Amino acid sequence: MARTRFLFSSDFHGSETVWRKFLNAARIFDLDALILSGDMTAKVMVPIIRQPDGTYRASLLGRDYVLTEEEVPKFEEKCRLIAYIPYRTTPEEARRIGTDEDYRENLFERLEAETIRHWLSLIPDRVPEKCKVIMSPGNDDKFSVDEVLRNDPRVVYGSDEVVWLDDEHEVLCCGWANKTPFNSPRELTEEELEAKLESLVARVQNLRKAIFCIHVPPYDTPIDTAPALDKDLRPVVRGSQVVMVPVGSKAVRRIIEKYQPLLALHGHVHESPGFVRIGRTQCLNPGSEYNEGIFKGFLVEVDGDRILKLQRVEA
């Protein structure tokens, strides 16, 4: 038997505060592994624009700043800690960022990769060598992130792979999601997602001990409920209450019902932390409050085909 303790989390969306808490947990809980199921990268860039007089101008959370050269590093750190990407630029480039969509998207993708590269540089000082770091991008993560993860010696790259947690437990990793209103980089139809998952399951040697790390949760469960959105992507409100609907994947649910792994690890839907059983499979979603700097995860201990510990962790 292989008794293994790991911490699972998801959906940090650029919050270095949450990332640091995740890494620090390796020593606090004496972990054998850290598992992260995607959506690592931020959604907002903050231009820090150099002025002719040598100062910098920037806006953050509705407040305008005028910064000296010496003050910029502290401001950049403030941006990173609240899950934004700071970027020093010129007035000319700032105008181009505002008007040229292709340029803006390419720049943002490069900055996302640089952010993840910086995050990974923090692993050696915080995570003991014995602790694996298994990472798989999510639907919001652009594809440039994959190369960064593949090339880091401390990371076990999981995207569209079946990797080993220990000598007995395999982890099937899939960061793709069913279609969303946001047209994120990694989306598939339910039929395409099911075919992808079937091809991955075919590589699993022992399903009773397997862990499915699938970013999107199964459809119509307590862990896939999110606000209904109107055509302008605003929450639908009826009688002063936000209307909540299931947004998970029917393909994921069918795969779990069919193959019954030991565990299924999910994220994607920030509003629905919790766990639910589908047959023998324990399905988890830690939820996410990355914008508040709150870490949310599950501490799990497995031994063979048994779950010995299942504990929510928030910090």
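The values are calculated or read from the model by the stated rules, or taken from the named source; none is laboratory data. These numbers come from a predicted model, not from an experiment. So basically every Cβ, Gly included, is an ideal-geometry build from the backbone, and we count neighbours across all protein chains shown. Just so you know, the surface numbers come from the protein's heavy atoms only, side chains and all, with ligands and any DNA or RNA stripped out. Shrake-Rupley method; radii C 1.70, N 1.55, O 1.52, S 1.80 Å.
See the values below:
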| item | result |
| --- | --- |
| Estimated 222 nm signal from helices in the chain, with DSSP H stretches of n ≥ 4 weighted -39500 (n - 2.57), rounded to 500 | -8500 deg cm²/dmol |
| Carbon/sulfur fraction of accessible area - segment 115-163, other protein chains in place, 1.4 Å, % | 49 |
| Extension gain, residue 303 back to residue 55 (0.36 nm per residue minus Cα-Cα distance, nm) | 83.5 nm |
| Per residue, in Å², the accessible surface of the chain once ligands and nucleic acids are set aside, probe 1.4 Å | 46 |
| Inter-label distance for residue 96 and residue 191, nm, one decimal - labels placed 7 Å from Cα along Cα-to-Cβ | 4.3 |
| Sulfur and carbon atoms: percent of accessible area, segment 4-104 [1.4 Å] | 50 |
| Other-chain or far-sequence residues with amide H under 5 Å of residue 187's (modelled H) | 177 |
| Cα gyration tensor category, rounded, prolate or oblate, for segment 213-276 with a/c compared to 1.5 | prolate |
| Per-pair calculated FRET efficiency, R0 = 25 Å: residue 271 and residue 198 via Cβ, rounded to 0.05 | 0.30 |
| Estimated vicinal HN-Hα couplings, Hz - segment 286-294 in sequence order (Karplus 6.51, -1.76, 1.60; Gly, Pro = x) | x, x, 8, 10, 4, 5, 9, x, 9 |
| Along the chain, longest interval not containing exposed trypsin sites (Lys or Arg not before Pro), exposed being DSSP loop plus at most 12 other Cβ atoms within 10 Å | 1-129 |
| Surface share of carbon and sulfur [accessible, 1.4 angstrom probe, percent] for segment 181-315 | 49 |
